[in-house]
Structure formats: C-alpha cells, structure tokens
1. Tally Lys and Arg at +1 and Asp and Glu at -1 over the other residues with C-beta under 13 Å from the C-beta of residue 246: what net charge comes out?
2. Summing +1 for each Lys or Arg and -1 for each Asp or Glu, what net charge is found among the other residues whose Cβ lies under 14 Å from the Cβ of residue 261?
3. Beta carbons within 10 angstrom, averaged per residue: use that to sort the peptides 252-261, 157-166, 133-142, highest first.
4. Provide the gained length on full extension for the span residue 62 to residue 276, in nm with one decimal, where the gain is 0.36 nm per separating residue minus the Cα-Cα distance.
5. In the neighborhood of residue 144, defined by Cβ-to-Cβ distances under 12 Å, what is the net charge if each Lys or Arg adds +1 and each Asp or Glu adds -1?
6. Read phi for every residue in the stretch 15-25 and hand back ³J(HN,Hα) as whole Hz from Karplus 6.51 cos²θ - 1.76 cosθ + 1.60, θ = phi - 60°, with x for Gly and Pro.
7. Give the Kirkwood hydrodynamic radius (Å, one decimal) of the stretch 118-170, defined as one over the mean of 1/r across all pairs of different Cα atoms.
Amino acid sequence: MSSPSLPSLSRASLSHEGQSVWPTILSAEQAALRVASRKPARNTRTTSSAFAHHSFGAIPYHQLGQQITSCLSAVDGEGDLETAVQNENLQNLGLQYRNKILRVFRSSSNNLMPIEDSALDTVRDQVANEKTAATTQRGAHQNALVRDGFRCTLTGVYDTYSTQLFPAIDARSRDTNAFLGVAQCAHIFPETAEDGDKNRYEKLMGPDVHEYYNIMTMRVGLRHLFDQLDFWFEEVVEEKNTYDIISHNDVVFRQFAAPPRRVTFRVDPTLVAACNAAGSETPKLPSPALLALRAVCSLIAHMSGAGAHGDQILHDPEETPSSRTEVKG
C-alpha cells in the first residue's frame, strides 16, 4: 500500500517557521524516494508528517521545527554536497521519530490471559468493589472483559473462553445469535514497547497503564491491526463516547461481512448495577484524549509509510536510529 503524497507548500497548513523549511523537506523526501527500492523504510516522512499534522501542540511543534532547522544549518559544504548532507540529516531525524512512534505503540504481548475460574457474580463484584487499577496484564484483561460485557467493543463478538466459563454469558450470546471469537485486552498506550524495554512506557504513563481509560476489549485479529497502527478512532462531535473507525487499509474492513465503521463505548449494564449496589464509581471508558493522541500518531505512521515496515524497523539494526548520532535540537 503506497503512502499518500506530502502536500505542496501552498496546501500545507504550516506556521511561518514551517513554510520556510517545507521546500527543503519536500526536496529531501524526493531524494529519499529515489532510493526507496533499496531502503524502503528509510525516508523523511515521519518528520514531515508530524510537522504537517501538528496536533501535538505548540511546544512539540516548535521543538520539531528547531530540530529541522538544526539539521539544515549544521552542515559543512556547498552546493550538491550541502544538499546531500541536509537530506541525510533529515532522514536520520525521521528515523528517530519513526522508531519512537512505533516502539511506543507496538506491544509485544500476546495477551491471551483468561479470567480465573470462578462464579460470574464473584468476578463482577470484585471489579465493582475494586478501588485501585490492575497491576498486571491478567488483571487488566479481566477488568476490560467485565466492563465491556465480555464482548469485542468494535464488533460485539463474545469472548469464546468467557462463554465456556460462564453459563450466563453463553446464554446471552445465544439469545442474541452473536458470533464468538478470541478477545484480548488492547491498550491505547501499550504496556511495553518491546521485550526487555519495560521502562519506556513507565516514563509515559507511570503505574496507570492498566487503568480502565487506557484499555478496551478487542477481537484478536482487530487488536493485531490496532497494534500495527492500521486503524484508529476519531471522536464524533456531540455523540458521547462515540467514534468513527478510520483506516486507509481495507484489510481492516474485510474482517467481517458487515464491518464496523462506528463504535460507541459503554459500560455493561450488569456492572453498572453492581457498582450502584456497592456504592462505587462506574469504571471509566477509553479516554478521548488518549485515543486522539493515538489517532494522530497512527495517521503520521500511515502518511510516513512507517506502519507498513514496522517489523523491519523494530528488528533491523541497520535501520535503528539509536546506532546513529542523534541530531541535537
């Protein structure tokens, strides 16, 4: 799947600072595309896409602008040599941002952890009376399943294991003629970026990684695509907890005969009743702010073409920016 073209200067929504460097970025992108057949994952797209789609706020946008300016100014040479060095600097900066985005969102966990074999009411009451966030993947998986009614939040497919474990859930799925499938706990911001790199996430979310506002139940195939940044959620104005499912990869919508295009997150009514009976707060739904931030990063990954090369990027030492000298802002 090809990446969309970067906008021209006249069509790009940029500050004065951005307009001054955009022509050079476009030139560097063209130079990178000329060698794309040899190094398809190496380009300036992540940098330029983040710069063009500046929804991260004024401070990160200005910081990125300073880094780009540094790439262009810290050059010895003239003419073609100067241009080649500038292109190389911009490409290295793009590699740094590309890998950071992918490593933040790409989780390595299989996340197939079932609920304990206990009565459904016991599990529901445990969640209703819980005062602190889960501290493990297993606990987060249980909490997401109970809050979401043991169903994929996008498709309504019931979790196969839960229907086998709890007769009431099996009966509910049969009453509605619902399909079954393996459901997993998807994190908006995953717990870990890679194996052996557990501290990176802690710097972003601290101990709140398994909070309700950061998790949702998702069918295994969709969770994999979500993990690959192949789709994201865009909030529907004036419709609470409702989002359009956005993707530029049609494989997302070819998973089902009637693919989901819009989702409304809601807490399972039986859990709401249990929380009311216990006098406790109803679990939070996925955070609009975190979903919006992930949406921006997913869009940037799509525009840059980084998502299509995710596995190569994460496992190819030659393409890892940490092995290079970082450009200083």
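1. -2
2. Working: positive: 254, 262; negative: 234, 239, 244, 250.
It works out to a net charge of -2.
3. Working: 252-261: 12.8, 157-166: 20.4, 133-142: 18.3.
By packing density, highest mean first, the sequence is 157-166, 133-142, 252-261.
4. Details: separation 214, 0.36 × 214 = 77.04 nm, distance 4.70 nm.
Extra length from residue 62 to residue 276 when fully extended: 72.3 nm.
5. Numbers: positive: 138, 147, 151, 223, 284; negative: 148, 159, 211, 268.
Taking every other residue near residue 144 into account, the sum is +1.
6. After applying 6.51 cos²θ - 1.76 cosθ + 1.60, I find 6, 4, 4, x, 4, 6, 10, 4, x, 5, 4 Hz.
7. Working: mean 1/r = 0.0865 Å⁻¹.
After inverting the mean inverse Cα-Cα distance, the result is 11.6 Å.
Here, each number is a calculation from the coordinates, and none is a lab measurement. This is a predicted model, so every value here is computed, not measured. In this analysis, Cβ positions are derived from the backbone assuming ideal geometry, glycine residues included, and neighbour counts consider all displayed protein chains.
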